[in-house]
Amino acid sequence: ALGTSRSGRRLTHVASDGTAIAFYHSGSNWQWRSASSPYSSWTSANAVTNATRVSGLTAVMDASNHVHVVYRHSSGPNLCYRKLTFSASAWTLGSETVIASGDYGGGGEYLTSARDVDGRMWLYGYRFNAGNAPEIWYSAPDDGTSWTNSLSPTGQAGAASAVIARAGDYIVAIRMDTDNMYWRRVNTNGSVGSWSGESTKSSAGTWNDH
């Protein structure tokens, strides 16, 4: 079904001309279809090549209607990126870039992504062989081929969920374990600054999903 995965905050996007794109897992691979208003007729399915793992895909649309997709590769599982370029009310899938190699499984269904004020892509995802703890990566501005590890899993082992989002000039990272919710932020206007210290947002109840 469309939009049922926990991996992405939004798996359906609408371009400025009204063309919609929807991502879904077919049972064997992540695919997308597109349609124009009134959305009564959709294109045939197009595969996000190598994105076979049902629990790992997130997509962000930029101001030019291009869609930036991060997913868990069929092998590794590695973290990978592709850009779907928008032109004439249609998207074209670009080449694959490996962001990181290793066992990004386990809690990898919690991939989330965002774009900052300068057009960098940010990714928050789990690395199973680092104690099932989340890592944060970001790309060069408007470039998905060059990525930097911004935050290592140190001190975050055992986290149950992670979310990343843009808030003005800042990128905010939130993670949850079974007891607490934590957040930190970094200024990304012009250049990437230093992460703030992690604050505890809540220390009551159980936080194990998003």
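Some points to look at:
- Complete set of residues in the stretch 55-66 that are within 20 Å of residue 164 (Cα to Cα) and surrounded by fewer than 21 Cβ atoms within 10 Å (Cβ to Cβ): 55, 61, 62, 63, 66
- For residue 33, the conditions (1) part of a strand (DSSP E or B); (2) under 30 Å from residue 117 (Cβ atoms); (3) out of contact with any Cys (no Cβ under 7 Å at 6 or more places or on another chain) are fulfilled apart from (2).
- Within the stretch 15-28, residues that are without any contact (Cβ under 8 Å) to a residue 24 or more places away in the chain have Cβ atoms under 9 Å from residues that are crowded, with 19+ Cβ neighbours inside 10 Å and not in a strand (DSSP E or B) in these pairs: 22/11; 24/5; 24/11, counting only partners at least 6 apart in sequence or on another chain.
- Residues of the stretch 26-41 satisfying the condition of being surrounded by 13 or more Cβ atoms within 10 Å (Cβ to Cβ) and modelled with pLDDT of 90 or more: 30, 31, 32, 33, 34, 35, 36, 39
- Residues of the stretch 131-189 satisfying the condition of being part of a strand (DSSP E or B), small (Gly, Ala, Ser) and at pLDDT below 80: 133, 161, 162
- Residues located in the stretch 101-123, provided they are out of contact with any helix residue (DSSP H, G or I) (no Cβ under 7 Å at 6 or more places or on another chain), at pLDDT below 90, open to solvent by 10 Å² or more (accessible area, probe 1.4 Å) and outside any helix (DSSP H, G or I): 101
- In this entry, residue 126 passes the filter for residues that are open to solvent by less than 20 Å² (accessible area, probe 1.4 Å) and either within 14 Å of the chain's Cα centre (by Cα) or modelled with pLDDT of 75 or more (or both).
- Residues satisfying the stated conditions in the stretch 67-100, i.e. touching a strand residue (DSSP E or B) at 6+ places or on another chain (Cβ under 9 Å), part of a strand (DSSP E or B), more than 21 Å from residue 164 (Cα to Cα) and open to solvent by 40 Å² or more (accessible area, probe 1.4 Å): 85, 90, 92, 93
The values are calculated or read from the model by the stated rules, or taken from the named source; none is laboratory data. As the structure is a prediction and not an experimental result, all values here were calculated from the model. Methodologically, a virtual Cβ is constructed for each residue, glycine included, from the backbone with ideal geometry; neighbour enumeration extends over all protein chains shown. All accessible areas refer to the heavy atoms of the entire protein, side chains included, with ligands and DNA or RNA removed. Shrake-Rupley method; radii C 1.70, N 1.55, O 1.52, S 1.80 Å.
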